[in-house]
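One structure below.
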Amino acid sequence: MTVRVFSTAQALADAAADEVAGWLTVAADTRTVGLAGGSTPRRAYECLRDRSVPWSEVHAWLTDERHVPLGHHDSNAGMARRALFDYVPATFHEVAWDDDPEVAAAAYQAELEALLPRGPSGLQPGLVILGIGEDGHTASLFAGSSALAEEERDFVATHVGGRGWRLTATRGLLARARRTLFLVSGKAKAGIVAEVLGGASDVPAAIVARSSHDPMWLLDQAAASRLDAA
Ligand code: 6PG
């Protein structure tokens, strides 16, 4: 596991864009990237607009999506499009809307099966970018949820109290990624970062990180501010 700390959120975003661009340039056999939603990665996606990447060969997908129609202000696809995919010729696989979240998740599972190579233990993503919530969730894997416990499928629907229906990659799919980047910014995340990197946590982000292949954590100083105390 690698942890890199940057002075500001913007420096973090620039470094994240360098890491993503580097992967997408050299990983010729699997130019796929699973995207985190939320607010943290937006700056990094914006920084990617001017990176030299073979975008026409890149396929981007979403590690999670809110169950909202495309165009809704909460949509992760909308955020990623406004930040990056309206500017580069990559293929961006949005989660198609269906009134039934289970139907939407099953359709995206089929799309991932057509997109991602299959390794010895299942679909194998190339690079995956993840964030972390203050409660330790990642993607839309929340503690105690059926999605976190899912062992068979790679992409499922999950109802999250107070947040409504979410669509998310499962632990198994995320664990099989060839490279995992966690992007975390801000003082509000300092506690959960210290807990997860402290090694003894069982929050979803810790479970995913432990099962990831050589995860890299990119933090700003605010998010890393309690690491010494860990
Ligand atoms: C989402 C994300 C989620 C996110 C964390 C952190 O759909 O919200 O995928 O897992 O990464 O909630 O969100 P922020 O970056 O907004 O703090």
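The values are calculated or read from the model by the stated rules, or taken from the named source; none is laboratory data. What you see is a predicted model; the values in this text were computed from it and never measured. Cβ placement follows ideal geometry from the backbone for every residue including glycine, while neighbour counts extend to all protein chains displayed.
Taken over the stretch 32-46, residues that are of a type outside the set (A, V, I, L, M), more than 8 Å from the ligand (Cβ to nearest atom) and closer than 13 Å to residue 63 by Cβ amount to 2. Against the criterion of being hydroxyl-bearing (Ser, Thr, Tyr), in contact with a helix residue (DSSP H, G or I) (Cβ under 8 Å, 6 or more places away or on another chain) and within 22 Å of residue 138 (Cα to Cα), residue 32 qualifies. Filter the stretch 157-177 down to the residues that are in a loop (DSSP other than H, G, I, E, B) and either at pLDDT below 95 or touching an Asp or Glu at 6+ places or on another chain (Cβ under 7 Å) (or both) and list them by number. Answer for the stretch 157-177, where residues must be in a loop (DSSP other than H, G, I, E, B) and either at pLDDT below 95 or touching an Asp or Glu at 6+ places or on another chain (Cβ under 7 Å) (or both): 161, 162, 163, 170.
So how many residues does the stretch 113-143 have that are hydrophobic (A, V, I, L, M, F, W, C), away from the ligand (no atom under 16 Å from the Cβ) and touching a residue at least 24 places away in the same chain (Cβ under 8 Å)? It would help to see each step written out before you state the result.
Filtering the stretch 113-143 down to residues hydrophobic (A, V, I, L, M, F, W, C) leaves 114-116, 123, 127-130, 132, 139, 141-143.
Next, from what is left, pick out any that are away from the ligand (no atom under 16 Å from the Cβ): 114-116, 123.
Restricting the remaining residues to those that are touching a residue at least 24 places away in the same chain (Cβ under 8 Å) gives 115-116, 123.
The qualifying residues number 3.
Can you report the number of residues in the stretch 144-172 which are away from the ligand (no atom under 11 Å from the Cβ) and among the aliphatic types (A, V, I, L, M)? It would help to see each step written out before you state the result.
First pass over the stretch 144-172, keeping only residues away from the ligand (no atom under 11 Å from the Cβ): 144-159, 161-162, 164-165, 170-172.
Now restrict to residues that are among the aliphatic types (A, V, I, L, M): 147-149, 156-157.
Qualifying residue count for the region: 5.
State whether the residues of the stretch 95-106 include one that is touching a residue at least 24 places away in the same chain (Cβ under 8 Å), buried (at least 21 other Cβ atoms within 10 Å of the Cβ) and closer than 23 Å to residue 184 by Cβ. No, the stretch 95-106 contains no residue that is touching a residue at least 24 places away in the same chain (Cβ under 8 Å), buried (at least 21 other Cβ atoms within 10 Å of the Cβ) and closer than 23 Å to residue 184 by Cβ.
For the stretch 174-227, filtered to residues that are closer than 13 Å to residue 5 by Cα and of a type in the set (Val, Ile, Thr), the residue that is surrounded by the most Cβ atoms within 10 Å (Cβ to Cβ) is 193.
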